[in-house]
Amino acid sequence: MGTEIKTPVLIVGGGPIGLSMAIELGWRGIESILVDEGDGTIEHPRTGLIAVRTMELFRRWGLAQRVRDCGFPDDYDLSMVFCTSLNGLLLDRESYPSMRDAPTPPETPEKKQRCPQLWLQPILTDAARAEPRARLLFKHRFVSLQQDGEGVTATVTDLNTGEPVTIRADYLLGCDGATSQVREQVGIRMEGRLLSYSVNVLIHAPGLVHEHKMGPAERYLFVGPEGTWGNLTVVDGNEIWRLTVLGSEEKMDLANFDPAAWVRRALGRDDVEFVVDSAIPWRRSEMLADRYFEGRVALVGDSAHTMSPTGGMGMNTGAQEVLDIGWKLEGLLNGWGGPALLRSYETERRPVAQRNIGFSTQNFRAWQDTPSPAAVCDLSAEGEQVRRDLGRRLRESTRVEWESLGLQIGHRYEGSPICVSDGTPPTPDEYSTYIPTTRPGARAPHVWLSDGRAPLDLFGRPFVLLCFDGGLRGEADTLAQAFAARGVPFRLESIEQADVARAYERPLVLVRPDGHVAWRGSHVEHAGQVVDTVRGAA
């Protein structure tokens with residue numbers, strides 16, 4: 001006889017996104033249960049780069065410093081190297097500083113961080129376990145779900161006992177990755193295409209950085225006579241490395257794939273010691289769910305999108321979705337959110353995922369931008385010229401992959417039903433360049449406050465109205481009363497600081513719990529209508 005459990009939110013999937021969802025909901029006072037058929041450990045780490053916006057989310061939870069102290073050496077040089085092999089011929093090099101020497105951009109309180117999933121996963125697991133409102137059920141396999149007008153009933157198998165467990169939830173979140181069973185069961189389709197076949201080879205090679213002449217780097221991109229054939233990426237900054245080999249479906253057949261031979265080709269020497277930990281074939285694809293929710297079931301993370309890892313935006317896109325849907329679920333569960341809240345999750349996040357997919361594919365195409373590479377390994381004048389030309393071409397075409405602040409914090413929610421448009425034209429949308437703005441839908445800008453806090457530190461739980469003109473206190477109070485009448489969490493922040501006022505462009509700026517601007521103006525008209533719009537009840 002199985003057991004039955006009730007919870008406001010059931011999270012299916014215990015990777016970085018599922019764990020982040022449990023942490024965010026708990027931080028908001030919302031109870032959840034997370035189920036995952038694994039035991040919480042990670043065998044083949046994928047994620048490496050934690051983007052700026054994700055670090056801002058970790059800052060909210062008090063985890064940013066723990067992630068920075070993950071163990072990745074902060075003095076490890078993070079350059080990009082284009083070569084024929086580690087002990088072969090150099091095509092070019094794009095120099096980037098170590099984490100210690102990289103400045104924090106003035107547009108954010110948090111710079112990006114290298115933290116491989118083998119360290120990120122335990123950090124997030126520990127944080128989720130420490131959250132009293134989150135219950136983690138590892139070794140529990142999701143089997144099926146049924147929806148009705150009041151909630152979702154899921155059947156789960158306890159792999160320790162073999163017994164079925166029934167979980168009744170108000171909402172179910174599918175955080176179960178690219179092969180999502182949740183997505184399949186609610187009939188949401190993926191649209192897109194296959195980009196290539198690859199094999200990831202995880203290796204242990206202690207002291208490898210001293211066994212070649214290319215110097216320390218975050219990534220080494222390998223070019224042979226056939227063009228770009230693979231890359232080696234640093235994992236722990238010491239002895240763990242990931243070699244990605246590009247190829248065809250036939251080439252990726254593990255029965256005929258010799259991972260050690262490919263590692264030796266990458267090393268360019270046969271006398272360097274290494275151990276192959278695992279070799280996993282995978283399909284590089286760009287896919288997007290045709291919708292983000294069905295009834296009371298929503299997709300978060302890779303269950304809703306797949307993208308080439310070039311640029312590191314897969315997990316980071318999912319983290320932005322955690323930020324978006326968390327406060328909306330709080331509003332729905334606590335009774336102040338209207339029906340447009342869940343709809344707005346898809347309206348806001350699906351175009352951003354599409355944008356990030358396009359960025360990632362563009363970066364992958366740049367890797368392959370190697371015309372006429374036949375002589376690249378030749379020790380001749382022609383070979384030297386080919387290397388020089390290809391190196392410059394690769395360096396310039398791949399640069400946006402590493403310099404993408406506009407992508408990381410410049411996304412905005414155009415046409416959102418829960419933002420009050422002011423009719424102003426959008427700022428240019430570029431991957432590399434970020435232009436701060438308080439236009440509704442944009443991430444609220446960062447300017448350090450005189451007390452040492454970041455504006456982002458003011459946002460999170462309630463809606464926050466920033467007032468930069470003391471003479472408008474009456475207008476602010478009108479809005480406060482409209483929020484109070486509808487039971488919506490709200491706080492007024494009066495700021496007398498000229499540089500912050502300039503950055504925020506209007507004397508009154510209303511910021512949502514996720515740090516995006518909901519409304520701005522110089523006086524308040526129709527306060528009730530504004531509040532109803534931003535809470536999804538217009």
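Computed from the coordinates by the stated procedures, all read-outs in this text should not be read as laboratory data. A quick note: this is a predicted structure, and the numbers were derived from the prediction, not measured. No Cβ is skipped: glycine too gets one built from the backbone with ideal geometry, and neighbour counts run over all protein chains shown.
Some observations on this one:
- If the convex hull is drawn through the Cα atoms of the chain, its volume per residue in Å³: 153 Å³
- Diffusion coefficient of region 399-537 by Stokes-Einstein, Kirkwood radius over Cα pairs, 4 °C, 1.567 mPa s: 84 µm²/s.
- Taking the average, over residues, of other Cβ atoms within 10 Å as the packing measure, peptides 521-529, 59-67 rank 59-67, 521-529 from highest down.
- The alpha carbon convex hull volume per residue for region 329-390 rounds to 99 Å³.
- In summary, the convex hull built on the alpha carbon positions of region 227-303 has an orientation-averaged projected area of 8.2 nm².
- Between S248 and D477, the simple label model (points 7 Å from Cα in the Cβ direction) yields a spacing of 7.7 nm.
- Per-residue extension of 0.36 nm, minus the Cα-Cα distance of D277 and E226, leaves a gain of 15.6 nm for this segment.
- At R0 = 51 Å, FRET efficiency that the Cβ-Cβ distance of A102 and Q146 yields, to 0.05: 0.55
- Quotient of Cα Rg and 2.2 N^0.38 Å for region 256-411, N being how many residues it contains: 1.45
- Estimated distance in nm for a label pair at A485 and D69, the labels positioned 7 Å out from Cα along Cα-to-Cβ: 4.9 nm
- Scattering curve values for region 90-206, log₁₀ I(q)/I(0), Debye with Cα scatterers, q = 0.11, 0.12 Å⁻¹: -0.72, -0.83
- For the pair Q385 and D270 in one chain, pulling the backbone fully straight at 0.36 nm per residue adds 38.6 nm over the alpha carbon distance.
- Share of pairwise Cα-Cα distances greater than 26 Å in region 8-154 is 39 percent (whole percent).
- Euclidean distance between Cα centres, region 418-472 to region 246-312, Å: 38 Å
- Using a Förster distance of 35 Å, the FRET efficiency for N160-E184 (Cβ separation, nearest 0.05): 0.90
- Among 236-249, 287-300, the order from most to least packed when residues are scored by Cβ within 10 Å on average: 287-300, 236-249
- Net lengthening on full extension, D469/L449 (0.36 nm per residue, minus Cα-Cα): 5.6 nm
- In terms of the mean number of neighbouring beta-carbon atoms within 10 Å, the peptides 472-481, 457-466, 22-31, 144-153 order highest first as 22-31, 457-466, 472-481, 144-153.
- Positive-end residue of A64, G18, G48, charge dipole of region 14-104 with Cβ unit charges: A64
- Prolate/oblate/rounded label for region 144-200 (Cα gyration tensor, a/c 1.5): oblate
- Region 445-505: equivalent-ellipsoid semi-axes (sqrt of 5 x gyration tensor eigenvalues, Cα, Å): 22, 15, 8
- Each residue, T424 and T41, gets one label point 7 Å from its Cα in the Cβ direction; the gap between the two is 5.3 nm.
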